[in-house]
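*Asks:* Handing you this structure, nothing more for now.
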Amino acid sequence: MELCTKGYKTLVLERGRMVEHGEYPTAHDDVWDLPFNDRVPQKEIAKHYEKQNRLSWWVNQANKHWINKDDEYPYEEDERFDWIRGHHVGGRSLMWGRHCYRWSDLDFAANKEEGVAIDWPIRYADLASWYDQVETFVGISGQAEGLSHVPDGKFLKPFPLNCAEQHLREAVAKKFPGRVVTPGRVANLSEYDPAIHKGKRGQCMSRDRCWRGCPYGAYFSSQAATLPVAEETGNLTIRPNSIVSEIVYDPATKKATGVRIIDAETREHLEISARLIFCNASTVGTTAILLNSRSEAFPNGLGNGSGELGHNMMDHHYGMGASGVLPGFEDEYYSGRKPAGFYIPRFSNLDESTRRDDYLRGFSYQGSAQRIANAPSGVVGKALKDQVLQPGAWAISMTCFGELLPYHDNRMYLNFDKKDQYGIPLIRFDAKLRENEHTLREHGVQSAVEMLEAAGCVNISSYNAATAPGACIHEMGTARMGHDPATSVLNQWNQMHEVPNVFVTDGACMTSSGTQNPSITYMALTARAVSYAHQQIQDGNL
Amino acid sequence: MNRRQILRYTAWITGSAVSASLAGAVLGGCSEAPRGTAAVSSSSLAASTTDTPLLHYFSPDQFQQLGQLVDAILPRTDTPSATDVNVHVTMDSMLGQVMDANYQRQFKDNWLALWKYLGQQNFAGRDADQQAALLSELELNTDAALAKAQRGLVEVKQQTIVYYLVSETIAEEHLNYLPVPGKYEPCISVESVNNKAWAI
């Protein structure tokens, strides 16, 4: 969209099928409309979704058409890696969790201050105005809290905390000053302004079925927002079923000349030339393309003079948290199904007073409070009939998302000996959680329990089942930004140090992982990088 | 199913904690339990190929008793009973086709203990009030010898309630069904919605 609106003829290559806005087949289905109460039978899981459903909740009848079949799109592992994805126009923008939190200098300066990996080549001041711009267009509902480490953005009104969540907020603030329970900041239009929210957008209906595709265009997706705006310029061409196998490099000009693609339907091989390439195929896809773009100048992958391409793989890790029952509030209820619960920003290792000796960085939480089914123990028969249609007790749950440090040894690479059905080398993963992550998790679980206790919850249960990298679907790193071409792939403008007309602004560019959900940062980096590229073209440098 | 949805149903607590598999089965909950690779032995729970409906988990005898049991848990009153909305058919299908092998094994173990106990107590021969009293007593009992039967009952009860509440008839006609809310109101009074739960 950014390129189109600046007047550039832009070709979007998508390896999967076309999906037009509104082509969301399950958007209006209730649980009872879907086979097996929305679940997928074990046989079908075993045949098609063994890896995609490793979390056991991800693949459902309502969303399985957005998820790749493992038997069609295999990958390899040295260590378990849950690479969860779907090939279609719009990609994960249709399926994402929509939480949007700004990064801060606590995140951008962390590597440098702690001597971890390499320094980010940017700071918050470089991104702040771009956050303003993309947040305004995207539409983020949220509540300003004045926190320096998760800065306030351009917010629409929040989806407010319900009574139990508000109680949690107050109880936690009282017992643990510095811990903030705030409405989740999500890319859902709590207020719709057609003059600002361009494309095919509309007011959020509070149905909480976002991950199926929204017929109202109420959350940000490529289909509802960026692609229609790009299309209006007349500069956009979308070519679905186009698998980019590699980027073509010309050693004479020291630039990329275009890409080679395989048409997924005809199996035809084509070469398409371009003046400027934004290689954003999602973190792993991006790096796989770059690793497969080998030439005499770059025998180990395009722009990989540093040798860092494929390394420093990150994600967030979760599978930890706590839940409990909150007594009281029997007369209180809510109406509608908001698309976000609460968020608790990171509160450890912010400053000297919150410094931990046992781990670096921190974690955040997402959670919610709801009234659960009313089925008291020991009550059956007519007595149960009287109660089961009424709302039950309040339960509060929170799940913890932890930062994963950028380890050089956590990596992905290509197995050139094994090819997929299109003749492209298979991707292989070798990444795992390490000591810092496991120590951090203990504190994350313990803190969740403490906060539920502070709220007066009973029957509190906690869990800590470490997820494999990839499972949080926040893959980051593998083509990181940095000051030095010897240790990084991209410069401070997301431009390849060694191939100036190739930019990467998806998760591959990340130099550390933060605790915040990353998408809005990718969007801010993208708008900024396009603006820079445009300036470079105007100045005759590209 | 999004992550928050998971959170909602990991907190399903009905006296004793609901199994993750069950929460997952109906509502897309979060089961972190490792999936077994071996298929469950179906020797004693062989699906019948001669009866209708086609059974996927229970034997015909067991299926018949399951129907009695779920109707004892949720009998017909001015609202439908459990079997009126096919809770037993759903349970058989979900257990046989959707639940993972670990859960199938665990459920079978408890179910067989429950079946045996109910047989000893002449459950089938009792009237509705006596059946309810028997089940209530079993659910609340603390005798270690009855732990498996009790767990079996809790599992059946939880599944019965879940499948009952997400059946089309109950959800649309007997709960507050609002497919397109239009807006979110964080705090309303229970009386304002007639003290009925939301269907979805």
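What follows is calculated from the coordinates using simple rules that are stated; it is not laboratory data. Given the structure is predicted, the values throughout are model-derived calculations rather than measurements. Every residue, glycine as well, gets a Cβ built from its backbone with ideal geometry; the counts of neighbours run over all protein chains shown.
*Asks:* Over all distinct Cα pairs, what is the inverse of the mean 1/r for the protein assembly as shown, reported as the Kirkwood hydrodynamic radius in Å?
*Replies:* 27.2
*Asks:* Taking the Cα centre of the protein assembly as shown as the origin and placing charges on Cβ (Lys, Arg +1; Asp, Glu -1), which of A:HIS474, A:SER323, B:HIS174 is farthest toward the positive end of the dipole?
*Replies:* A:HIS474
*Asks:* Does segment A:244-296 classify as rounded, prolate or oblate by the C-alpha gyration tensor (a ≥ b ≥ c root eigenvalues; a/c under 1.5 gives rounded; else a/b over b/c gives prolate, otherwise oblate)?
*Replies:* Numbers: a/c = 1.75, a/b = 1.26, b/c = 1.39.
Oblate, since a/c reaches 1.5 and b/c is not below a/b.
*Asks:* Also, quick follow-up: For A:LYS9 and A:ASP126, calculate 0.36 nm times their separation in residues minus their Cα-Cα distance, and state this gained length in nm to one decimal. The partial results should precede the final answer.
*Replies:* Working: separation 117, 0.36 × 117 = 42.12 nm, distance 2.75 nm.
The A:LYS9-A:ASP126 span can extend by a further 39.4 nm.
*Asks:* If I take R0 = 25 Å and measure r between the Cβ atoms of A:ASP105 and A:GLN446 in this structure, what FRET efficiency does the formula 1/(1 + (r/R0)^6) give, to the nearest 0.05?
*Replies:* 0.35
*Asks:* Given charges of +1 on the Cβ of Lys and Arg and -1 on the Cβ of Asp and Glu, with all other atoms neutral, how large is the dipole of chain A about its Cα centre, in debye to the nearest 20?
*Replies:* With only Lys, Arg, Asp and Glu charged at Cβ, the dipole is about 880 debye.
*Asks:* From the C-alpha gyration tensor of segment B:40-166, pull out the three semi-axes of the equivalent ellipsoid (sqrt of 5λ each), sorted largest to smallest, in whole Å.
*Replies:* Over the Cα atoms of segment B:40-166, the semi-axes work out to 21, 18, 14 Å.
*Asks:* Still on this model: Multiplying the sequence separation of A:GLU79 and A:SER531 by 0.36 nm and subtracting their Cα-Cα distance, what value in nm do you get?
*Replies:* That pair, A:GLU79 and A:SER531, stretches by 158.8 nm at full extension.
*Asks:* Say each of A:ASP263 and A:HIS408 gets a label point 7 Å from the Cα, pointing the same way as Cα to Cβ; how far apart are those two points in nm?
*Replies:* Calculated label separation equals 4.5 nm.
*Asks:* Let me ask something additional. Straight-line reach only, C-alpha to C-alpha below 23 angstrom: list the lysines that B:LYS157 could link to, leaving out same-chain residues fewer than 8 apart.
*Replies:* A:LYS382, A:LYS385, B:LYS108, B:LYS116, B:LYS148, B:LYS196
*Asks:* Between B:ASN122 and A:ASP152, take the C-beta separation as r, use R0 = 51 Å, and let me know the FRET efficiency to the nearest 0.05. List each step's numbers first, then the result.
*Replies:* Values: r = 67 Å, r/R0 = 1.32.
Calculated transfer efficiency: 0.15.
*Asks:* Obtain the nm distance between the two label points defined at B:ALA101 and A:GLU114 by a simple spin-label model: each point lies 7 Å from its Cα along the Cα-to-C-beta direction.
*Replies:* 4.0
*Asks:* Placing unit charges on C-beta atoms (Lys and Arg positive, Asp and Glu negative, everything else neutral), compute the dipole magnitude of segment A:206-362 about its Cα centre in debye, rounded to 20.
*Replies:* Charge dipole, segment A:206-362, about its Cα centre: 220 debye, nearest 20.
*Asks:* Further question on the same structure: Apply 1/(1 + (r/R0)^6) to the Cβ-Cβ distance of B:GLU185 and A:ASP357, taking R0 = 56 Å, and write down the FRET efficiency to the nearest 0.05.
*Replies:* With a Förster radius of 56 Å, E is 0.80.
*Asks:* Straight-line reach from A:LYS338: which lysines have a Cα under 18 Å away, not including same-chain ones fewer than 8 places off?
*Replies:* Partners within reach: A:LYS157, B:LYS183.
*Asks:* Run the numbers on segment B:40-166 and let me know its relative contact order in percent, using alpha-carbon pairs under 8 Å that are six or more apart.
*Replies:* Once divided by the residue count of segment B:40-166, the mean separation gives 26 percent.
*Asks:* Additional query: How much length, in nm to one decimal, is gained on full extension between A:GLU296 and A:LYS43, taken as 0.36 nm per residue of separation minus their Cα-Cα distance?
*Replies:* 86.4 nm
*Asks:* What is the local net charge at A:GLY456, summed over the other residues whose Cβ is closer than 15 Å to its Cβ (Lys, Arg +1; Asp, Glu -1)?
*Replies:* Combined, the nearby Lys, Arg, Asp and Glu give -3.
*Asks:* Where does chain A land at 222 nm, in deg cm²/dmol rounded to the nearest 500, when only DSSP H runs of n ≥ 4 count, each adding -39500 (n - 2.57), divided by all residues? Display every interim value, and only then the final one.
*Replies:* On the way: 11 runs with 111 residues, N = 542.
Estimated from H runs of four or more residues: -6000 deg cm²/dmol.
*Asks:* Could you tell me how far the Cα centroid of segment A:333-358 sits from the Cα centroid of segment A:120-146, in Å?
*Replies:* One Cα centre to the other: 19 Å.
*Asks:* Roughly how many whole Å is it from the C-alpha centroid of segment A:389-422 to that of segment A:436-473?
*Replies:* 16
*Asks:* Shifting gears a bit: Compute the acute angle (0 to 90°) between the alpha-carbon long axis of helix A:283-292 and the principal axis of greatest extent of the alpha-carbon atoms of chain A; round to the nearest 10°.
*Replies:* 20
*Asks:* Positive end of the charge dipole of segment A:360-493 (Lys, Arg +1 and Asp, Glu -1 on Cβ, about the Cα centre): tell me which of A:GLN387, A:VAL445, A:GLY362 has its Cα farthest that way.
*Replies:* With unit charges placed on the Cβ atoms, the residue in question is A:GLN387.
*Asks:* Where the centre of each part is set by its Cα atoms, how far does segment A:514-542 sit from segment B:54-112, in angstrom?
*Replies:* Distance between centres, Cα-based: 56 Å.
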